[in-house]
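Working notes, structure below.
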Amino acid sequence: MFLSIKNIPKVKWSSSKPSNLKPRFDTIIFLSMGLILFGLGEGLLIVSYTGSSPWSVLAQGISLQTNLSVGLITFFLSLSILIIWIYLDQKPGIGTILNLIIISVMIDLSIFLIETPDSFFQQILIAFVGVFIVGLGSGFYLIANLGPGPRDGLMTGFQKKTKLPIALVRACIEITVATTGWYLGGKIGFGTLLFAFGVGPCVALGLSIVKKIFKKI
């Protein structure tokens, strides 16, 4: 059962270690594919106009309190998370850096190229698709093992400390972040709740799908 996954699977193109500075070409390709999917999923959620992801809600809330842009707040949040990594014994890698670049570019491209549909049903559908794509993208780039992004490093770090299932750990993090952002004034909608409760299982499903496609080593 994919919801019981507690460890990141390994496949033939997984890097032997997150700190690998000379990874295989196919590892970089699958890593980038995962990050592109992740950014597209986040962008679709925003375009759906049903509510932003929990971390965007938090950025909005802090932005309202400080008058700094959401983008700048997101950058500082990422830096803050990397500091927490020290306690969680997490180390950044090539994937961590590419995460910050590719995902932000894909979010902007998605918002620029994809229009919000008029139909509420279509908006909800896009939100569901967005969350699923985020989970699938996470499966690819986490399995690449070149260093997780700030948020996923937080997830895997807490999982190692607590030994709890990945789906539960991710859901707890997203719910906490969304609640804090809402308290600070960030906007919460159906899409936010969908992401908060659904991204954990979707990440676990993404890991399971990639593992089954490429087979475990």
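FYI, it's all coordinate maths here, none of it is from the lab. Keep in mind it's a predicted model, so treat the numbers as computed, not measured. Note that each Cβ is placed from the backbone with ideal geometry, even for glycine, and that neighbours are counted across all protein chains shown.
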### Task
Can you tell me the dipole magnitude for region 38-214 around its Cα centre, using point charges on the Cβ only (Lys, Arg +1; Asp, Glu -1), in Debye to the nearest 20?
640 debye
### Query
For the chain, modelled as a GNM with alpha-carbon contacts under 10 angstrom, which of 99, 20, 145 fluctuates the most?
20
### Task
Hydropathy first: keep DSSP H helices in the chain averaging at least -0.5 on Kyte-Doolittle, then drop any whose Cα extent along the axis falls short of 20 Å, and list what survives.
25-48, 70-88, 94-113, 120-144, 166-183, 190-214
### Task
Find the relative contact order for the chain and round it to a whole percent, using C-alpha pairs within less than 8 Å whose residues are 6+ positions apart.
41 percent
### Task
Please report how many Lys pairs in region 38-214 have alpha carbons closer than 30 angstrom, counting only residues at least 8 apart along the chain or sitting on separate chains.
11
### Query
Considering amide H positions built from the backbone, and no H for Pro or chain starts, which residues 5 or more places from residue 147, or on another chain, come under 5 Å of its amide H?
95
### Query
Put +1 on the Cβ of every Lys and Arg and -1 on every Asp and Glu Cβ in region 38-214; which of 148, 132, 194 then has its Cα farthest towards the positive end of the dipole?
148
### Query
Between residue 197 and residue 114, what length in nm is gained on full extension when 0.36 nm per residue of separation is reduced by their alpha carbon distance?
27.4 nm
### Query
Which one of 48, 69, 56 has the biggest mean-square fluctuation once the chain is modelled by GNM with Cα springs under 10 Å?
69
### Task
Once you have a ≥ b ≥ c as the square roots of the Cα gyration tensor eigenvalues for region 71-212, tell me rounded if a/c is under 1.5, and otherwise prolate or oblate according to whether a/b is larger than b/c.
rounded
### Message
Less than 13 Å apart at the alpha-carbon level, and either on another chain or at least 8 residues along: which aspartates and glutamates does that give for residue 17?
### Response
none
#### Entry: Per residue Cα convex hull volume in Å³ - calculated over region 26-127
117 Å³
